[in-house]
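Right, one structure below, let's go through it.
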Amino acid sequence: MKTEETKIGEYLEKLSSKAPVPGGGGAAALAGATGASLGLMVCELTRGKKKYAAFETRCAWIEEKLTKLRDEFIELADEDEKVFEPLSKAYGLPKNTPEEMDYRETTLEQCLTDASLTPVKVMEKAVEGLQYLGDLAEEGSRMAVSDVGVAASYMQTALDSAVLNVYINTKMMKNRNKAIELNDYAGKLLLDGRAKGRLTYETVEKGLRPTDGPDDKVERNKVDFS
């Protein structure tokens, strides 16, 4: 545990610095990995319980999918650093001659495209993850239902953060047709993911929200955290 805490502390220290990486793109991917990990915890608390026997097979399938997503988010955090480094260097390329200007523009265009595609992948994974979390909110362990809501919040953060990293790169692209194509696709992912995330979070929040009326005690007695 101490070693892991040190690793997290070192990462946050680096994230806090003026170093170009890690940045917002990597942080978005790690938010997704956190959401997937919380979802996996809920799967662990659900599987094997007699009360959730009817959900057992699908829960095992969701667990498999979330495990894959968690690993993919971590890989995308690394990928974000790899694609940003050449982009940051491309901005520093000389532009003193027509040849240098052409090379700089071509290189920048490719780097901007690459830097846009990684956060798009993060968005795709986040939308997928939110679908699984929606199932856990409905059928998973009631003891961990709040964790599903937190997981959905992290997954939503990954989605909302990643789209900003798409837009900041496409904004600089000369190929406006490609930029529009990427923006449109990212926009669709954003709408789809937000709808899924909002539904999941509201399902959890509504089920946990205390009432303020005279029936408050009765409602509390109805809560089953088994």
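The values are calculated or read from the model by the stated rules, or taken from the named source; none is laboratory data. Here the structure is a predicted model, which means the values were calculated and not measured. Note: ideal-geometry Cβ built from the backbone for every residue, glycine included; neighbour counts use all protein chains shown. Only protein heavy atoms, including side chains, enter the accessible area calculation; ligands, DNA and RNA are left aside. Shrake-Rupley method; radii C 1.70, N 1.55, O 1.52, S 1.80 Å.
Observations on the structure shown:
- Test: residue in segment 19-42 that is without any contact (Cβ under 8 Å) to a residue 12 or more places away in the chain and either open to solvent by 10 Å² or more (accessible area, probe 1.4 Å) or within 20 Å of the chain's Cα centre (by Cα) (or both): yes
- Top-ranked residue of segment 194-226 - restricted to ones that are in a helix (DSSP H, G or I), open to solvent by less than 70 Å² (accessible area, probe 1.4 Å) and not acidic (Asp, Glu), ranked as modelled with the lowest pLDDT: Gly207
- Test for Leu191: is it of a type in the set (A, V, I, L, M), in contact with a helix residue (DSSP H, G or I) (Cβ under 9 Å, 6 or more places away or on another chain), open to solvent by 10 Å² or more (accessible area, probe 1.4 Å) and in a helix (DSSP H, G or I): no
- Scanning segment 42-81 for residues that are of a type in the set (Gly, Ala, Ser) and outside any helix (DSSP H, G or I) yields a single hit, Gly48.
- Residue ID - nearest to Glu138 (Cα to Cα), chosen from residues in segment 66-99 that are open to solvent by 100 Å² or more (accessible area, probe 1.4 Å) and among the acidic types (Asp, Glu): Glu75
- Across segment 47-65, the qualifying residues are those that are under 12 Å from Asp135 (Cα atoms), touching a residue at least 24 places away in the same chain (Cβ under 8 Å) and of a type outside the set (Phe, Trp, Tyr), and the one among them that is surrounded by the fewest Cβ atoms within 10 Å (Cβ to Cβ) is Arg58.
- Residues located in segment 153-212, provided they are among the hydroxyl-bearing types (Ser, Thr, Tyr) and within 19 Å of Val127 (Cα to Cα): Ser153, Tyr154, Thr157, Ser161, Tyr167, Tyr185, Thr200, Tyr201, Thr203
- Residues that are open to solvent by 40 Å² or more (accessible area, probe 1.4 Å) and either closer than 17 Å to Asp80 by Cα or touching a Pro at 6+ places or on another chain (Cβ under 8 Å) (or both) within segment 166-185 comprise Tyr167, Ile168, listed in sequence order.
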